[in-house]
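Peer 1: I have a structure here, written as structure tokens, and I will follow up with some questions on it.
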Amino acid sequence: MPKVTLAQNILAVNEHVAQEIRQSLSARGIRALNIMSSPGAGKTTLLERTIERLRGRLGIGVIEGDVETSADAERIEAAGAETVQINTQGTCHLEAHMIRDALAQIDLAHVDLLVIENVGNLVCPAAWDLGEDLRVVVVSTTEGDDKPAKYPQMFAISQVMIVNKLDLLPYVNYDLQKVRRQALSINPNLHIFEVSCQTGEGLEAWCDWLGTFARGV
Amino acid sequence: MHELAIAQSIVEAVEAKAVECNAARVKSVRLKVGEASGIVGDSLAFSFEMLTSMAPVLTGAHLLIDSVPHRALCRRCDSEFAVVNYVALCPTCQEWSSEVVSGTELQIMELEIERNDNHA
Ligand SMILES: Nc1nc2c(ncn2[C@@H]2O[C@H](COP(=O)(O)OP(=O)(O)OP(=O)(O)O)[C@@H](O)[C@H]2O)c(=O)[nH]1
Ligand SMILES: [Mg+2]
Ligand SMILES: [Zn+2]
């Protein structure tokens, strides 16, 4: 029986689209960030606080991925960034073609930094390249301190980890040191920021770092 | 969790190749799946079976999965080692600086097909 060789990546189609997005954004001097976490870790809140702090310095565009509703997009719009909503209709992650379609609906003229809020999920988004330059994983003190060990792939592919909800540390059993250790054992190059979107603690350091990243084209 | 989406991508790529090769049926599909690709083999096989039952050319096709171990190369002592649970520590010199050399693969390697007799 004849054998046919393919030797192609299963996600080749997605990777191709992602590469096109990356090149077209880079040609316009735009840097892109893919922000991922489990549901409710605080991606949208972190984005609101980040936009409020950076909007005078940077043009920020946002693509909001959600399984249903446009609630997050409305919050981001109110914070002062141009926003496009993608409803994935049940899919547990964003794919590059969704970003390509969303980009056609956004005015990129004044955008320096494009932020993509992925669907709340620590597993599936790790496999789909969206054409981003930076992957950020957010964890929070209310979800248990074993997340890096349980979902290592997400931490292996990210460049930044943000630990959110520091203000709740006194009320939860969360070992910050253990989370840092776990995450760095998977990815020794991970940049770690510890913040509270409630009190503002740590946000200055994160926003300064991001501001520098966005301009370092 | 996303094995269904991965299976869908496999089916699409295989169907396209089957048409290109004028195949009447695809008997098997061989994959390379890295230990650190985030894919659970059983779950992928289940999704694949479900999807192929709806694709005439692929109905009954076997999914053959070659698993690839997660390995890294130490930048300091240049030795290659097995990465266990994603922890990238060199067992020889206890150095954290290493480079992944295998284990992230997610590839379709080959198909076994039956051709249309009339076009042979
Ligand atoms: N106490 C406290 N609550 C926070 C903090 N950051 C976010 N929250 C709350 O956590 C809840 C979830 O926050 P979101 O920003 O909606 O989380 P998300 O990750 O965008 O959620 P999904 O998009 O549904 O996955 C909201 O009620 C926020 O007000 C924080 O630093 N401290
Ligand atoms: Mg959100
Ligand atoms: Zn070594």
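The values are calculated or read from the model by the stated rules, or taken from the named source; none is laboratory data. This one's a predicted model, so the numbers in the text were calculated from it and none came from an experiment. Positions of Cβ are generated from backbone atoms using ideal geometry, with glycine treated the same way; all protein chains shown enter the neighbour counts. Heads up: the accessible areas ignore ligands, DNA and RNA and are worked out on the full protein's heavy atoms, side chains in. Shrake-Rupley method; radii C 1.70, N 1.55, O 1.52, S 1.80 Å.
Peer 1: If the only charges are +1 at each Lys and Arg Cβ and -1 at each Asp and Glu Cβ, what is the size of the charge dipole of chain A around the Cα centre, to the nearest 20 debye? It would help to have the intermediate numbers written out before the result.
Peer 2: Working: 19 positive and 28 negative charges, 137 e Å.
Using only the charged Cβ atoms, the result is roughly 660 debye.
Peer 1: Still on this structure: Which one, A:A205, A:S140, A:N9, is farthest towards the positive end of the dipole of segment A:3-214 when Lys and Arg carry +1 and Asp and Glu -1 on their Cβ?
Peer 2: A:N9
Peer 1: HN-Hα J couplings of segment A:158-168 from phi, Karplus 6.51/-1.76/1.60, θ = phi - 60°, integer Hz, Gly and Pro as x?
Peer 2: With coefficients 6.51, -1.76 and 1.60, one gets 8, 9, 10, 10, 10, 9, 9, 6, 4, 4, 8 Hz.
Peer 1: OK, next. Check A:V138: other-chain or 5+ apart residues with amide H under 5 Å from its amide H, H built from backbone geometry?
Peer 2: So A:V138 has HN proximity to A:M36, A:S37, A:I162.
Peer 1: Between A:A81, A:A104, A:A32, find the one with the highest GNM mean-square fluctuation for chain A; connect C-alpha pairs within less than 10 Å.
Peer 2: Comparing A:A81, A:A104, A:A32 in the GNM, the peak value goes to A:A104.
Peer 1: How big is segment A:3-214 in terms of Cα radius of gyration and Dmax, in angstroms?
Peer 2: My reading of the Cα-based Rg and Dmax gives 16.9, 62 Å.
Peer 1: Grab the beta carbon distance between B:C21 and A:Q159, set R0 = 41 Å, and tell me the FRET efficiency rounded to 0.05.
Peer 2: Calculated value: 0.50.
Peer 1: A follow-up question, please. Could you state the principal axis extents of the C-alpha atoms in segment B:3-120, from the largest down, to the nearest angstrom?
Peer 2: 62, 27, 16
Peer 1: Can you run phi through the Karplus equation (6.51, -1.76, 1.60; θ = phi - 60°) for segment A:203-215 and list ³J(HN,Hα) in whole Hz, with x for Gly and Pro?
Peer 2: Ordered by residue, 3J(HN,Hα) equals 6, 4, 4, 5, 5, 4, 4, 5, x, 5, 4, 5, 8 Hz.
Peer 1: Can you tally the net charge around A:R181? Count Lys and Arg as +1, Asp and Glu as -1, for every other residue whose Cβ sits under 13 Å from the Cβ of A:R181. Could you put the intermediate results ahead of the total?
Peer 2: Details: positive: A:K147, A:K178, A:R180; negative: A:D145, A:D146, A:D175.
Summing Lys and Arg as +1 and Asp and Glu as -1 gives 0.
Peer 1: With a 1.4 Å probe, what is the total accessible area buried between chains B and A, in Å² rounded to the nearest 100?
Peer 2: Values: alone 7550 and 10290 Å², together 15410 Å².
Approximately 2400 Å² gets buried when B meets A.
Peer 1: Restricting to lysines 8 or more places apart or on different chains, can you count the pairs in chain A with Cα atoms under 23 Å from each other?
Peer 2: Pairs that pass both the separation and distance tests number 9.
Peer 1: Leaving out ligands and nucleic acids, note down the accessible area per residue over segment A:3-214 with a 1.4 angstrom probe, in whole Å². The partial results should precede the final answer.
Peer 2: Values: 8550 Å² over 212 residues.
For segment A:3-214, the solvent-accessible area averages 40 Å² per residue.
Peer 1: Of all DSSP beta bridges in chain B, what percent run antiparallel (nearest 5)?
Peer 2: Once the DSSP bridges in chain B are tallied, antiparallel ones form about 70 percent.
Peer 1: Bins of 5 Å, beginning at zero and ending with the bin holding the largest distance: percent of Cα pairs per bin for segment A:64-128, please.
Peer 2: 3, 18, 28, 26, 17, 7, 1
Peer 1: Here is a follow-up. Taking the Cα centre of the protein assembly as shown as the origin and placing charges on Cβ (Lys, Arg +1; Asp, Glu -1), which of B:L63, A:I30, A:Q182 is farthest toward the positive end of the dipole?
Peer 2: A:Q182
Peer 1: Still on this structure, please answer the following. Considering only DSSP beta bridges whose two residues both sit in the protein assembly as shown, what percent are antiparallel, to the nearest 5?
Peer 2: DSSP beta bridges in the protein assembly as shown are roughly 35 percent antiparallel.
Peer 1: Under a point spin-label approximation (7 Å from Cα along Cα-to-Cβ), what is the B:L51-A:Y171 distance to one decimal in nm?
Peer 2: According to this spin-label approximation, the distance is 4.3 nm.
Peer 1: Now for a different question. Just the number, please: carbon plus sulfur as a percent of the accessible area of segment A:1-141, 1.4 Å probe, no ligands or DNA/RNA counted.
Peer 2: 45 percent
Peer 1: What do you get for Rg/Rh over segment A:84-181 if you use C-alpha atoms and the Kirkwood form of Rh?
Peer 2: Reported Rg/Rh, Kirkwood definition of Rh: 1.02.
Peer 1: Treating only the Cβ atoms of Lys and Arg (+1) and Asp and Glu (-1) as charged, compute the dipole magnitude of chain B about its Cα centre; round to the nearest 20 debye.
Peer 2: Computed about the Cα centre, the dipole is about 80 debye.
Peer 1: Could you pull out the GluC sites (Glu not before Pro) across segment A:45-149 that fall in loop regions by DSSP (anything but H, G, I, E, B) with no more than 14 other Cβ atoms inside 10 Å?
Peer 2: A:E68
Peer 1: So which residue, out of A:L113, A:L184, A:L130, gets the largest mean-square fluctuation from a GNM of chain A using Cα contacts under 10 Å as springs?
Peer 2: In this elastic network of chain A, the residue with the biggest mean-square fluctuation among A:L113, A:L184, A:L130 is A:L184.
Peer 1: Accessible area of segment B:59-120 with a 1.4 Å probe: how many percent of it is carbon plus sulfur?
Peer 2: Solvent-exposed carbon and sulfur of segment B:59-120 make up 47 percent of the total.
Peer 1: Return one whole number: the accessible area per residue of chain B in Å², for a 1.4 Å probe.
Peer 2: Solvent-accessible surface per residue comes out at 53 Å².
Peer 1: When the Karplus curve 6.51 cos²θ - 1.76 cosθ + 1.60 is applied with θ = phi - 60°, which whole-Hz ³J(HN,Hα) does each residue of segment A:130-147 get, with x for Gly and Pro?
Peer 2: Each residue of segment A:130-147 in turn: 10, x, 6, 9, 8, 10, 10, 10, 10, 10, 9, 5, 8, 9, x, 9, 10, 4 Hz.
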